[in-house]
Each structure stands twice: as structure tokens, then as C-alpha cells.
Amino acid sequence: MKHLLLSSSLLVAAIAAPAIGNTPAAEAQASRTPTKAAQFVPMAASSDMYEIESSRLALERSQSPAIKQFAQMMIDHHTTTTQQVAQAAQASGMTPPPPALLPPHRALLDKLQGAQGRDFDRMYLDQQRTAHRMALALHQTYSRRGDKEPLRQVATTAVPIIQQHIDQLKTLSPA
């Protein structure tokens, strides 16, 4: 329970940080992301679960074919990364907990569930941008300083994929 509370507080800190890059804010955010597998694994699982669940909603509610295409890619990519993190955790001698939404991701998903139409599309894209900045910080930090090599390798592999998602989000707008 102590690890989950720490993970949630780290995730809240990551949500509050404004941007990623070589800025003081980015450095502060990176310093709040975990380097211990016990915190990284649940945060990565929550991040993936949020991406999958929010994107399932987008497939149901969005009127934009481009957003639906992006949402399907999120489901596909984040299902794969969930499996990779679980396998790497096992290779590191851990028993990964079942994926669960941490409170900040749960709050985002709950808010998104109340949206419809263009408001849904706008909120989905805004949340995706935020969630991907958080995921990028999480994986970048762990890839550089994480305590378990198999998980560092997965984090390193995830970084360019997350960056690709961020780049694609820049091209999307509500219908």
C-alpha cells in the first residue's frame, strides 16, 4: 500500500508539471518519476490502462475518423507495452500487480466519461497530450536510472513510441 500511495503522489506531481524538455520544469518532473521498479511498474501499468480505456471510449464517442484511428493505435500500442512491462518485471524477479488505474488516471477517465461530441474530442486530445507527457517523463527517467535492467530496456524501447504519439497528437484536432 505504501508503494501505491507513493506511486500516486509521484503521478500527481508528474501531472502538475507543465512540459518535457531541457527546462527546469522538465528536470523537476524527471526528479519526481521513479527509478525503483516497485514504483515504476504500477505507474506504467496505470498509464497504459488509462490509454486503453480512454481510447475505447474514443472509438465509441468520437465522430472524427482521425481520432478513432489514433485511438485504435493507442489500444494496440499500449496493450503491447503492458505485456512487455509485465514480462520485464517477471524477468526482474517481480510479480507484477494486475494493471490498475491509479487515482490521477482514474480521475482523468471519470471526467472523460462525462463528455460528449466535440467536447469529448477536445477533452480526449487534451488528456492524451497530458498523459503522454507524463508517460514520456516516466519512461525516460526509468530508462536512464532505473534499478532493473529488463525494465530499463522496455522503458528505453517505449520512449520513441511515446514520442511518436506526442508528434501525432500535434496533428490532431477536434472534428
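Here are the numbers for this structure:
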| read-out | value |
| --- | --- |
| Qualifying residue in segment 161-171 (condition: under 22 Å from Gln90 (Cβ atoms) and either assigned to a helix (DSSP H, G or I) or open to solvent by less than 10 Å² (accessible area, probe 1.4 Å) (or both)) | yes |
| Ala158 among the aliphatic types (A, V, I, L, M), under 27 Å from Leu59 (Cα atoms) and assigned to a loop (DSSP other than H, G, I, E, B) | no |
| Within segment 103-125, considering residues that are open to solvent by 10 Å² or more (accessible area, probe 1.4 Å) and not in a helix (DSSP H, G or I), the one farthest from Pro42 (Cα to Cα) | Gln116 |
| Any chance Ala66 is part of a helix (DSSP H, G or I), of a type in the set (A, V, I, L, M) and over 17 Å from Ala158 (Cβ atoms) | yes |
| Selection count, segment 126-152, where residues are surrounded by 19 or more Cβ atoms within 10 Å (Cβ to Cβ) and within 15 Å of the chain's Cα centre (by Cα) | 14 |
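The values are calculated or read from the model by the stated rules, or taken from the named source; none is laboratory data. Every value quoted in this text rests on a predicted model; they were computed, and no experiment measured them. For neighbour counting, all protein chains shown are included, and Cβ atoms are generated from backbone atoms with ideal geometry for every residue, glycine included. Note: accessible area is taken over every heavy atom of the protein model, side chains too, but ligands, DNA and RNA are not part of it. Shrake-Rupley method; radii C 1.70, N 1.55, O 1.52, S 1.80 Å.
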